[in-house]
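Some notes on the structure that comes next.
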Amino acid sequence: MKEELLQELKEAMRDKDIIRKNTITLLRSAILQVEKDTQKELSDEEIVGIVAKEVKKRKDSIGDYEKAGRDDIIADLNKEIEILSKYLPKQLTVEEIHQLVDGAIKNVGATSPRDMGKVMQDLRAKIAGKADGKVVSEIVKEKLNQ
């Protein structure tokens, strides 16, 4: 995946696509920083986790820019999210998330909202990079409160 990012960066530079170049550069530096901190080379799955974090950061900051009325920045953030999303696996549908949550609740024998941590831990590997944790958490909460 790192090779693919490098090729994308070269292509963005050739095309003079500033936003794409900057987005990929920031992603590559985040990956290199984690590798430096952990002193190991990251697998593609670990890189997908970093990409998901970068997408989440951008989605979270859109709300602040909407309050400030900065449509120019919002447009750039949406383009960055679109660029980063290419590196994420296919996202799960709400129905698929409901099925996974039902399975996890059965696996851990959850019966009340107090078991939410166990359910989320069971789901973590299954949803990594494929679904927004906030959405999954809300679905788990809803099902455990029934």
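Worth a mention:
- On inspection, Lys130 does not qualify as part of a helix (DSSP H, G or I), on the phi < 0 side of the Ramachandran plot and at pLDDT below 90.
- Count of region 1-21 residues which are in contact (Cβ under 8 Å) with a residue 24 or more places away in the chain and under 19 Å from Leu77 (Cβ atoms): 2
- Unmet requirement for Glu142, which otherwise passes all of (1) open to solvent by 50 Å² or more (accessible area, probe 1.4 Å); (2) charged (D, E, K, R); (3) touching a residue at least 24 places away in the same chain (Cβ under 8 Å): (3)
- Of all residues in region 57-81 being of a type outside the set (D, E, K, R) and surrounded by 14 or more Cβ atoms within 10 Å (Cβ to Cβ), the one that is nearest to Gln91 (Cα to Cα): Ile81
- Of the residues making up region 112-127, those that are in contact (Cβ under 8 Å) with a residue 24 or more places away in the chain and either within 17 Å of the chain's Cα centre (by Cα) or not in a helix (DSSP H, G or I) (or both) are Ser112, Lys126, Ile127.
- Region 1-15, residues that are over 13 Å from Leu27 (Cα atoms) and either open to solvent by less than 50 Å² (accessible area, probe 1.4 Å) or among the aromatic types (Phe, Trp, Tyr) (or both): Ala12
- Considering the conditions (1) within 19 Å of Glu3 (Cβ to Cβ); (2) open to solvent by 40 Å² or more (accessible area, probe 1.4 Å), Ile31 is excluded by exactly one of them, (2).
- Top-ranked residue in region 84-108 [being crowded, with 19+ Cβ neighbours inside 10 Å and over 24 Å from Lys141 (Cβ atoms); ranked as modelled with the highest pLDDT]: Leu84
- Taking region 37-53 as the range and being open to solvent by less than 100 Å² (accessible area, probe 1.4 Å) and closer than 14 Å to Ala131 by Cα as the test, the residues that pass are Val48, Gly49, Ile50, Val51, Ala52.
The values are calculated or read from the model by the stated rules, or taken from the named source; none is laboratory data. Just so it is clear, the structure is predicted and the values come from calculations on it, not from any experiment. When we count neighbours, we look across all protein chains shown, and the Cβ atoms used for this are built from the backbone with ideal geometry, even at glycine. Note: areas computed on protein heavy atoms with side chains; ligands, DNA, RNA excluded. Shrake-Rupley method; radii C 1.70, N 1.55, O 1.52, S 1.80 Å.
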